[in-house]
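Notes to accompany the following structure.
A short reminder: the numbers here are calculations on the coordinates, not readings from a lab. Just so you know, these numbers come straight off a predicted model, no measurement behind them. Please note: Cβ atoms are built from the backbone with ideal geometry, for glycine as well, and neighbour counts cover all protein chains shown.
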Amino acid sequence: MFNTGISKRWPKQGKLELGLVGGEITRIRRQEIFTERQETELYGLKAGEHQKVEYGMNIQFQQPLRPLSKQFYWENQSRLFCSHKNLSKPENYKLNIQNSFYFLTLKYIRLGLKTEVVYDPMISSKIFMSNLFLFGFHLYNKL
């Protein structure tokens with residue numbers, strides 16, 4: 001992902017970027033994946049193509065690790081990308097939202113939840129969501 005545009009940073013609040021001219025690079029190094037999956041096209045690349053550059057616009061938000069209370073923390077990364085070919089078709093936009101929540105329970109124990117929501121019409125017409133529950137033992141339990 002690369003872009004040129006404008007950004008606004010708020011102290012301790014996060015950063016918002018508007019990429020007026022941006023791009024995504026998709027690479028597939030191992031061409032055998034096409035025959036293994038019995039597909040002629042994957043992620044917008046046809047068999048034999050090694051890389052594709054897609055130009056467009058994007059909006060990105062980044063929230064660094066932020067305390068919501070003394071023991072509860074949150075961080076976020078969100079990105080919306082639209083190709084220059086699909087500016088008038090919102091159903092073809094790509095969306096990626098990642099949230100992480102941490103809870104410092106006891107002196108050495110940390111609980112966490114990481115969620116990711118992905119919508120990429122090149123991969124699937126459905127929204128993909130994954131959750132990861134974390135349980136950790138930390139000698140230094142500070143964020």
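Could you tell me the calculated FRET efficiency between LEU20 and THR40, based on Cβ-Cβ distance and R0 = 25 angstrom, to the nearest 0.05? Before the final figure, lay out the partial values.
Details: r = 34 Å, r/R0 = 1.37.
About 0.15, to the nearest 0.05.
By a straight-distance test (C-alpha under 20 Å), which aspartates and glutamates pair with LYS8 as possible cross-link partners, with residues fewer than eight away in the same chain excluded?
Counting by Cα, and skipping residues close in sequence, LYS8 has these aspartates and glutamates nearby: GLU17, GLU75.
Given only helices, namely DSSP H runs of n ≥ 4 each adding -39500 (n - 2.57), what is the per-residue ellipticity at 222 nm of the chain, to the nearest 500 deg cm²/dmol? Walk me through the numbers on the way to the answer.
Numbers: 1 runs with 5 residues, N = 143.
One gets -500 deg cm²/dmol as the mean residue ellipticity at 222 nm.
List the longest stretch of the chain that has no exposed loop site; here a site is one of the trypsin sites (Lys or Arg not before Pro) assigned by DSSP to anything other than H, G, I, E or B, with at most 13 other Cβ within 10 Å. The partial results should precede the final answer.
Numbers: sites that count: LYS12, ARG29, ARG30, ARG37, LYS70, LYS107, LYS126, LYS142.
The answer is 71-106.
Starting from the range 12-53, pick out the GluC sites (Glu not before Pro) whose DSSP state is loop and whose Cβ has at most 13 other Cβ atoms within 10 Å.
Values: sites: GLU17, GLU24, GLU32, GLU36, GLU39, GLU41, GLU49; in loops: GLU39, GLU49.
Counting only loop positions with at most 13 other Cβ atoms within 10 Å, the GluC sites (Glu not before Pro) in the range 12-53 are GLU39.
What does the net charge come to around PRO121 if you take all other residues with beta carbon closer than 10 Å to its beta carbon, with K and R at +1 and D and E at -1?
Numbers: positive: LYS89, LYS94, LYS126; negative: GLU91, ASP120.
With Lys, Arg at +1 and Asp, Glu at -1, the neighbours total +1.
In nm, to one decimal, how far is the modelled label at GLN31 from the one at LYS89, with both set 7 Å along Cα→Cβ?
It is 2.8 nm.
Using a Cα-Cα cut-off of under 17 Å, which lysines could be cross-linked to LYS107, ignoring same-chain neighbours fewer than 8 residues away?
Once the sequence-local lysines are set aside, what remains near LYS107 is LYS70, LYS142.
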